[in-house]
Amino acid sequence: MDIKHLEYIIEIAEQKNMTKSAENLFVSQSSLSQYLSKLEGELGTPLFNRTKNEMTLTPAGNLYVESAKAVVQIKKKLYQNIKNLSGTGRIIIGVTSQWGLNMITNIISEYKKAFPNIILEIIEDSVPSIKKDINLGKIDFAIMSVNTLNDILVKYEVLREEEVVFAVPNTHNYCLIHKNESKQIVTSELEKIFKNDSFILSKKDSTIRNIADDIFKISNFSPDTVCELNSMAAVIEMVSNGVGVAFVPESFTKPNKNITYFFFSPKLYRYNILAYRANLVLNDVEKILINHVKNYHFPAE
């Protein structure tokens, strides 16, 4: 089933540039331009608006690309289902956070016992990149942490809401003063209490960083940042060693004699979701994997 010409148009729509599309497709720019011109001639209407800087889809182009993507997915699913008849195949999973990787690590062993010839391709990336890939159909489904459910753009299920808390070394004066009191911090008082502290922040575009940046923006607070990283295990270790304070998801708040975890008032949350690519029709092999994900027992909180 040769659908490479459909993929040509999809690539042009994604890149909005003929030169870059040709490079990605490993064809000459002239050949790609000729194909597009021939196709538009057959259809009797342009698929792209051409400007000096970019190519954007016309209404007809939107219809064509939408249908082309559907055909590409049909082919992919057909080939995958045929492979699955013999117990082989590949499932592409996007992951945006450490809890997602922990989940896959814990369920993959049991799953592979049942389906030893199924390859699970794990793509770990930022939330924006995974959102883009799943909306483009490059990923079958994604285990994601997101700040909002308003712009997912694909089918999804909420696995849980996870509270975000504040990790502070036990040697901090605030911990000593409030040792026997409620472990709660009013969000608006964060700057007042910790303005002289070093902050260990997650990297830009992560859910935890977005929450932190929103608080900083509202408070007009520019904290002293000691470092930025995505490994929550490393963040917890740094707080434990007194390097600084940090925002952390509750799933990482295991008992630690060197750390006090404070809950925010009002409470702060992120969403853990399972998102599916558009037009995904699940086969039995995928359904079983997704059931593993949905039935995963999250660590006690």
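Within 10 Å of each candidate Cβ there may be at most 16 other Cβ atoms; applying that plus a DSSP loop requirement, which trypsin sites (Lys or Arg not before Pro) in segment 114-171 survive?
In loop regions of segment 114-171 (DSSP not H, G, I, E or B), the sparsely surrounded trypsin sites (Lys or Arg not before Pro) are 138, 155.
Helix 207-219 versus the longest principal axis of the chain: what angle, 0 to 90°, nearest 10, using Cα atoms?
60
So what is the relative contact order for segment 161-271, in percent, with contacts set as C-alpha pairs under 8 Å and at least six apart?
RCO, segment 161-271: 52 percent.
Remind me, relative contact order of segment 14-163 in percent, using alpha carbon pairs under 8 angstrom and six or more residues apart?
Taking the mean separation of contacting Cα pairs over the length of segment 14-163, I get 18 percent.
Rounded to the nearest 20 debye, what is the charge dipole size of segment 161-271 about its Cα centre when +1 sits on each Lys and Arg Cβ and -1 on each Asp and Glu Cβ?
Around 160 debye, computed over segment 161-271.
In a solvent-free Debye calculation with one equal scatterer on each Cα, what is log10 I(q)/I(0) for the chain at q = 0.08, 0.10, 0.15 Å⁻¹, listed in the order of the q values?
Debye output, listed in q order: -0.49, -0.71, -1.12.
Give me the Å³ per residue figure for the convex hull around the C-alpha atoms of segment 161-271.
Cα convex hull per residue, to the nearest whole number: 97 Å³.
What percentage of all Cα-Cα pairs in segment 4-79 are separated by more than 15 Å?
Summing the P(r) of segment 4-79 above 15 Å gives 54 percent of all pairs.
Report the net charge of residues surrounding residue 48, where surrounding means a beta-carbon distance below 11 angstrom and charges are Lys +1, Arg +1, Asp -1, Glu -1.
Combined, the nearby Lys, Arg, Asp and Glu give 0.
Output the relative contact order of the chain, whole-number percent, from Cα pairs under 8 angstrom with separation of 6+ residues.
In percent, rounded to a whole number, it is 22.
Taking Cα atoms, how many degrees apart are the long axis of helix 284-294 and the longest axis of the chain, rounded to 10 and kept between 0 and 90?
Approximately 20 degrees, to the nearest 10.
In whole Hz, with x marking every Gly and Pro, tabulate ³J(HN,Hα) for segment 104-117 from phi via Karplus 6.51 cos²θ - 1.76 cosθ + 1.60, θ = phi - 60°.
Each residue's phi maps through the Karplus curve to give 4, 4, 7, 9, 5, 4, 5, 5, 5, 5, 7, 10, x, 9 Hz.
Loop only per DSSP, at most 11 neighbouring Cβ atoms within 10 Å: give me the chymotrypsin sites (Phe, Trp or Tyr not before Pro) in segment 1-82, ordered by residue number.
26
Taking segment 178-284, which chymotrypsin sites (Phe, Trp or Tyr not before Pro) meet the DSSP loop condition and have no more than 15 other C-beta atoms within 10 Å?
Here the sparse-neighbourhood loop sites are 221.
Readers should treat all values here as calculations from the given coordinates under stated rules, not as data from a laboratory. Please read these numbers as outputs of a predicted model, since none were measured by experiment. Cβ coordinates were reconstructed from backbone atoms using ideal geometry, including for glycine residues, and neighbour counts include every protein chain displayed.
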